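Just so you know, all these numbers are worked out from the coordinates, no wet-lab data involved. Here the structure is a predicted model, which is why all the values come from computation and not from measurement. Neighbour counts run over all protein chains shown; Cβ positions are idealised from the backbone, glycine included.
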Ligand SMILES: Cc1cc2nc3c(=O)[nH]c(=O)nc-3n(C[C@H](O)[C@H](O)[C@H](O)COP(=O)(O)OP(=O)(O)OC[C@H]3O[C@@H](n4cnc5c(N)ncnc54)[C@H](O)[C@@H]3O)c2cc1C
Ligand SMILES: Cc1cc2nc3c(=O)[nH]c(=O)nc-3n(C[C@H](O)[C@H](O)[C@H](O)COP(=O)(O)OP(=O)(O)OC[C@H]3O[C@@H](n4cnc5c(N)ncnc54)[C@H](O)[C@@H]3O)c2cc1C
Ligand code: SF4
Ligand code: SF4
Ligand code: FES
C-alpha cells in the first residue's frame, strides 16, 4: 500500500517568511527523504524519466536514497545533471518528472524534486566535489554567459579535458540564478555559489565584466585569442513592456530591474548601496515565475501586492508551488484583469492603473483560452508602483556583432537541438538565447548538448 | 580588480582617473561609456569614456561627486582599484561611423556643459586626429569649475568659453554663444553635439531646432546593468521607447522627450544628490539656456 500523500516538507511559517529573505522551503531530513523514497515503485519502465529533460535515472537514485546511500545517489544524479541543488528547487516538477510519475495517477506523485534537492544538499554539506581532470587536452573553448546553460557546457567540456573560459557581462556569475530568482527560493551563498565553485574546481576560468559584442566579439575570440570553438549561452534578458500610456512614469519597473536591484545588487540588505523603490501598493503585471518572484519580493519589502493577470488561475504559467506560496504569504491575485493605462501624478509618479476585466474565449495557438475584454468594465486600481513582468527576449548584442550567425524573427539564435550547432562554424548555442525564456533544466540540457557538439567538432578537426 | 594608475582632482569636486582596463581600452570608441563598481557593496555607476590609451591599456574617466557612490569614489587614490570596470558600453558616436571625407566638408559645433566637457573631449580629439577642426563651446559656472581647458584648446578649432558669472572669458549661457555664432557671426554649422546636464541639453535643443541645426545629445538616465537587461534607462525618442544603454547614449536631440527624462533621472536621487543637481541645473540655467526663466 502506498502512502497517498508526499512526506510533507518543512517550510518557514508564511507570516514569518513574508518579512524575510531566507529560504521558504527547508527541505527533507535524511529520515524524511528515506521515508519519501519508500513511495517510489522502482518502475521497470519509469515514466518519470521521460518527463525529465535531462533523463536523470530517477528510480536509480531514489533506490539509493531508500537504502540511505546518499553519496551513491548523488553520483547517479551527477551523471545527468550538473546543477541538482538548483533544479530540485526550481524545476516545474508538476509538468515534468512528477507530472509523469505513476504514483501520481491515484495519489500524490513521488516528491522527486525534493528528493533530488536533498541529495544535492547532502553532497554539498559533505563536501562531495567533482574531480578535476588530471591533464587538459590543450584545446581552448570560450563560453559566453554563466547561466545554467553556460555553466553546464563549461563543466562538461572541462571534464573532457578542454581549457574553458566563461565570459560574463555582469560582475557576478550565475545568470538568472543570481540576478533573477530571489534568495528566498534559491539561496545565493548557500546553493548557487557552491555550484559555481564546482564548475571552477574543474578548471574552468570565469572572466566577469566582459560584454561579448562590446568588449570583444566572437570573431575576435576565434581569430585573435586562440579559442577554437564558442558556446553562446547568453540567455533571454531583454524585458518587454506593454506599450500602454504612462509606462515610462516614475515607479514603473521591469521585473528584471526590480529583481536585479534586489538579488544581484542586494538592495534588501542595508549594507549595500543599491537603492530600490519599495512602494506601499504594488501591482505586478503578468503570471509567470518571474511575476511571482517580483510579487513576493515586493511583499517582503513591505508592500501590499496585487498580481494582475489577464487569464484565469488555471492558466498561470508559474510553478504551482510558487503560486501557492505567494497566496499563503498574502499576495492578492487580480485575475482576468488587464491594464490599459498607467495613471500618473503631476510629478511624473505612478498614482494608479486603469484596468479592464477579461473573460476567456476560444483557445489560441498555445491551446490556452484567449482572454477577451469585457466592454465597459474598466476600473481603476490605486497604486504607487507597477512591475511589468511580461516576458523577455534574447538580447541582439551578440547576434548583431557576429558575422554569419543566423537568428529567427524573434531574435533567437538558430541552433540545432542535439548538438547546439549554429549557422557559423565552430559556434554553438543553447538555452534561453536559442529557445527564448524557458527553464533552468532545459538550458542545462542545451549546455550539455553544446558540449557534445563542440567535442565532436574539435575531435574531428 | 582594475587598478587606478593615475588620479587627480581637476577642480573642486571633479576628478579624473586613468584606470587599467586593457579589454576596454582596446575596443572602446568615443561616445561610449563604462560601468564601475567600487567594492563588494557598491553600486554600478555609469561614466563616459573620456579618453583612452590603447597601448598602455588605460581608460580615462572624469566624474563629479554627486551622492554617496561618487563621493566614495573620489577618495580612491593612485594604486587603489575598482572592483569592476565593464565596457565599453553603448554605441560609438555617430561621427566616427561617418565617412571621413564627408566629415571634412562638415562644420561641426560641440556644446559642453560642466562635467559634460569630459565626454566631449574625446570626440573633438578624435576629429583633430583625423584632420578635422571642430568649434567647441564650453560652459562652466565659474572659472574654477572649468575642466580640461588646455587639452581642449589643443584639440578644438575655435574654443569659446563662457562662465555664468563672467569670471572667465565670456559671461552668460552656452545658448547665448550659439546664438552669437550662428545669428550674429553668420556661421553655418552642419551639426551640433551637445553634452551636459539634461536641462542644458534641453534648452540647446529648443534653440537649435529654431535654428534648424541638427543636434545630437548624449543622455545619462539611471542605469543598472548597461547591457539592455533592465529597462531602467528607457527614454522616449520620437514615438519610440529606447534603451539608452544599448540604443544610445547618443540620440537626435530634437526628438528626445527631455521632460520625461529629467523626471526619471530624479527617481533614486538622494537628498544630497538632489541638492547638487539643483545647483548644477541652476548654474546651467545661467550658463546655458536663456529660455527657462526659473530655478524650478
Ligand atoms: C525571475 C525568474 C524566475 C525564474 N524561475 C524559474 C523557475 O522557477 N524554474 C525554472 O526552471 N526556470 C525559471 N526561470 C527561467 C530560467 O532561469 C532560465 O530559463 C535559465 O536561467 C536560462 O539559462 P541560460 O543559461 O540560457 O541563460 P541565463 O540564466 O539568462 O544566463 C545568461 C547569462 O549570459 C550573460 N550574458 C548575456 N549577454 C552576454 C554578453 N553579450 N556577453 C557576456 N555575457 C552575456 C548574462 O549576463 C547571464 O549571466 C526564471 C527566470 C527568471 C528571470
Ligand atoms: C551613460 C552615462 C554616462 C555618464 N557619464 C558621466 C561622467 O562622465 N561623469 C560624471 O560625473 N557622471 C556621469 N554620469 C552620471 C553618473 O553616473 C552619476 O552622477 C552617478 O551615478 C551618481 O551616483 P551617486 O550615488 O554619487 O549619486 P546619488 O544622487 O546618490 O545617486 C542615487 C542614485 O541615482 C542614480 N543616479 C543619480 N544621478 C544619475 C545620473 N546623472 N545618471 C545616472 N544615474 C544617476 C545613481 O546610480 C544612484 O542609483 C553618467 C551617467 C550615464 C547614464
Ligand atoms: S532535473 Fe528537474 S525534471 Fe529532472 S528529475 Fe530533477 S526536478 Fe525533475
Ligand atoms: S514513475 Fe514514480 S514510482 Fe515510478 S520510478 Fe518514477 S518516481 Fe518511482
Ligand atoms: S541600463 Fe539596464 S537596460 Fe539599460
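Here are the numbers:
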{"read-out": "Cα-based Rg / Dmax (Å) for chain B", "value": "17.8, 54"}
{"read-out": "Whole-number D in µm² s⁻¹ for segment A:101-210, Kirkwood Cα-pair radius fed into Stokes-Einstein, 37 °C, 0.692 mPa s", "value": "213 µm²/s"}
{"read-out": "Equivalent-ellipsoid semi-axes of segment A:264-362, from the Cα gyration tensor, Å, largest first", "value": "25, 19, 10"}
{"read-out": "For segment B:8-84 and segment A:315-380, distance of Cα centres in Å", "value": "44 Å"}
{"read-out": "Number of partner chain Cβ atoms within 10 Å, mean per residue of B:23-34", "value": "2"}
{"read-out": "Along principal axes, Cα extents of segment B:182-242, largest first, whole Å", "value": "46, 23, 17"}
{"read-out": "Overall Cα dimensions of segment A:292-428, principal axis frame, Å, largest first", "value": "54, 41, 32"}
{"read-out": "For A:209-218, mean number of other protein chain Cβ atoms within 10 Å", "value": "6"}
{"read-out": "DSSP beta bridges in the protein assembly as shown [antiparallel fraction, %, rounded to 5]", "value": "50 percent"}
{"read-out": "Ranked list, fewest to most other Cβ atoms within 10 Å of each Cβ, for B:154, A:409", "value": "A:409, B:154"}
{"read-out": "Relative contact order for segment B:20-96, counting Cα pairs under 8 Å that sit 6 or more residues apart, in percent", "value": "44 percent"}
{"read-out": "Shape metrics for segment B:94-218, restricted to C-alpha atoms - Rg then Dmax, Å", "value": "13.4, 40"}
{"read-out": "Acute angle (nearest 10 degrees) that the helix B:271-284 long axis makes with the longest principal axis of chain B, alpha-carbon atoms", "value": "30 degrees"}
{"read-out": "Radius of gyration, Dmax [segment A:1-41; alpha carbons; angstrom]", "value": "13.2, 41"}
{"read-out": "Largest-first principal axis extents of the Cα set of segment A:391-435 (Å)", "value": "29, 23, 14"}
{"read-out": "Estimated [θ] at 222 nm from DSSP helical runs (n ≥ 4, -39500 (n - 2.57)) normalised by residues in chain A, nearest 500", "value": "-9000 deg cm²/dmol"}
{"read-out": "Binned Cα-Cα distances of chain A, short to long, each 10 Å bin given as a whole percent", "value": "4, 20, 28, 27, 16, 5, 0, 0"}
{"read-out": "Value at 222 nm in deg cm²/dmol, rounded to 500, when DSSP H runs of n ≥ 4 in chain B each add -39,500 (n - 2.57)", "value": "-8000 deg cm²/dmol"}
{"read-out": "For B:216-225, mean number of other protein chain Cβ atoms within 10 Å", "value": "3"}
{"read-out": "Per-residue Cβ neighbour rank within 10 angstrom, fewest leading, B:153, A:448", "value": "B:153, A:448"}
{"read-out": "Peptides ranked, highest mean first, by Cβ atoms within 10 Å: ranges A:425-436, A:273-284, A:393-404, A:139-150", "value": "A:139-150, A:425-436, A:273-284, A:393-404"}
{"read-out": "Nearest 10 degrees, 0 to 90: helix B:198-210 Cα axis against chain B principal axis", "value": "30 degrees"}
{"read-out": "Between helix B:117-129 and chain B: long-axis angle, C-alpha atoms, 0 to 90°, nearest 10", "value": "80 degrees"}
{"read-out": "Percentage, to the nearest whole number, of Cα pairs in segment A:139-202 over 19 Å apart", "value": "28 percent"}
{"read-out": "Base-10 log of normalised Debye intensity for segment B:2-89 (one unit scatterer per alpha-carbon) at q = 0.13 Å⁻¹", "value": "-0.35"}
{"read-out": "Part-to-part distance (alpha-carbon centres) for segment A:214-264 and segment B:210-266, which is given in Å", "value": "18 Å"}
